[in-house]
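Everything below concerns the one structure shown next.
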Amino acid sequence: MKITKAEYVASSVSVAGSPAPAKKEFAFIGRSNVGKSSLINCLTGNGSLAHTSSTPGKTQCINHFIINDSWYIVDLPGYGYAKMSQKRRDALAKIIGDYIDHSENLVVLFVLLDSRHDLMKIDLDFLISLGEKGVPFAIILTKSDKLGTNALASRLAATKKAIGEYWEPLPPIFATSSHTGAGREQVLDYIGDVLKQLEKEQ
């Protein structure tokens with residue numbers, strides 16, 4: 001998969017506000033400050049496409065980016081930012097839930113996890129909820145450049161073991177670095193394969 005064109009289209013707070021025309025969507029979500037916007041910029045080759053910030057909780061809308069004029073990347077708000085007011089957390093949870101529960105164009109939800117940390121309960125609970133709803137998802141371990149080769153291998157193995165207690169077969173799992181570009185081609189090739197398979201099924 002080669003991305004030759006990536007443009008911001010629209011922001012909304014509900015599926016009803018999604019841009020037209022309807023196209024296949026690959027959405028990205030994770031705990032606040034997991035590196036979501038940086039990864040989107042890395043994947044698209046546009047360092048300023050998705051707004052990045054050192055302040056957690058910056059993304060507070062559903063952001064659509066049109067890719068190659070044919071499909072969307074969707075940047076969802078992060079979850080689990082404790083320093084945000086309960087009212088605001090509830091509002092973001094509603095936005096996230098509305099998208100996941102009602103989007104008819106969602107193909108795969110990429111759930112981002114920080115490779116430097118063990119799988120947290122909040123992440124596992126979120127993944128389990130996706131499984132219960134039948135939402136197709138893949139896992140991306142971000143910031144892999146922060147770990148050595150052996151440490152990253154151990155983290156991948158630990159994540160697969162933890163997830164394996166709930167899923168068989170395992171969902172796709174990738175390790176990426178927005179800084180070095182590691183894992184970028186693997187994620188894009190996966191998206192390309194999914195799109196090709198959907199075309200065959202039409």
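Here, each number is a calculation from the coordinates, and none is a lab measurement. If you're wondering where the values come from, they're calculated on a predicted model, not measured in any experiment. FYI the Cβ positions are ideal-geometry reconstructions off the backbone, even for glycines, and counts take in every protein chain you see.
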Once you put a point 7 Å from the Cα of Lys5 and another 7 Å from the Cα of Ala91, both along the Cβ direction, what distance in nm separates them?
3.5
R0 = 22 Å: FRET efficiency of Asp69 with Val13, Cβ-based, nearest 0.05?
0.30
Taking neighbour Cβ counts within 10 Å as the exposure measure, how do Glu199, Glu25 sort from fewest upward?
Glu199, Glu25
Please turn the phi angles of the stretch 91-103 into ³J(HN,Hα) values with the Karplus equation 6.51 cos²θ - 1.76 cosθ + 1.60 (θ = phi - 60°), one per residue in order, whole Hz, x for glycine and proline.
5, 5, 4, 5, 4, 4, x, 4, 5, 5, 7, 10, 5
Given 5 Å bins starting at zero, what is the percent of C-alpha pairs of the chain in each, up to the one with the largest pair distance?
1, 7, 16, 21, 22, 18, 10, 4, 1, 0
Cross-link partners among aspartates and glutamates for Lys200, C-alpha distance below 16 Å, same-chain residues fewer than 8 apart left out?
none
Here the FRET efficiency for Ala151 versus Asp193, based on Cβ atoms and R0 = 30 Å and rounded to 0.05, is 0.55
Given that compact globular proteins tend to follow 2.2 N^0.38 Å, what is the ratio of the alpha-carbon Rg of the stretch 99-202 to that value?
1.12
For the stretch 96-184, run through the GluC sites (Glu not before Pro) and keep only the ones in DSSP coil with at most 10 other Cβ atoms within 10 Å of their Cβ.
Glu104, Glu165
Suppose every K and R has +1 on its Cβ and every D and E has -1 on its Cβ; what is the size of the dipole of the stretch 6-201 about the Cα centre, in Debye to the nearest 20?
720
